[in-house]
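Report on the following structure.
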Amino acid sequence: MKEFDCAFERIGALVASFRQNESHYKSPTYTEAQARKDFIDKFWIALGWDVNHERGIATGWCTSCTG
């Protein structure tokens, strides 16, 4: 399966999960931290981001850049 298709499928599964339990996710007891764990991190992982730093690559810093 192509990378795009795989990402599309994974994000579609996140959408389906949200729709299935929408009232729970919109309730005041559902926290921002839980939303990040359940959806936001998984969204970025589906797009190929190293959210959990499993590849050991530091982000946000460029040691070879000048200016």
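The values are calculated or read from the model by the stated rules, or taken from the named source; none is laboratory data. Note that the structure is predicted; figures quoted are calculated from it, not measured. With ideal geometry, Cβ positions are generated from the backbone for all residues, glycine too; neighbour counts draw on all protein chains shown.
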Filter pass, Lys37 being surrounded by 13 or more Cβ atoms within 10 Å (Cβ to Cβ), basic (Lys, Arg) and either at pLDDT 95 or above or under 27 Å from Glu3 (Cα atoms) (or both) | no
Within the set of pairs 6 or more residues apart or between chains, which connect a residue that is farther than 20 Å from Trp44 by Cβ inside region 15-26 to a residue that is assigned to a loop (DSSP other than H, G, I, E, B) with Cβ atoms less than 8 Å apart?
-> His24/Tyr30
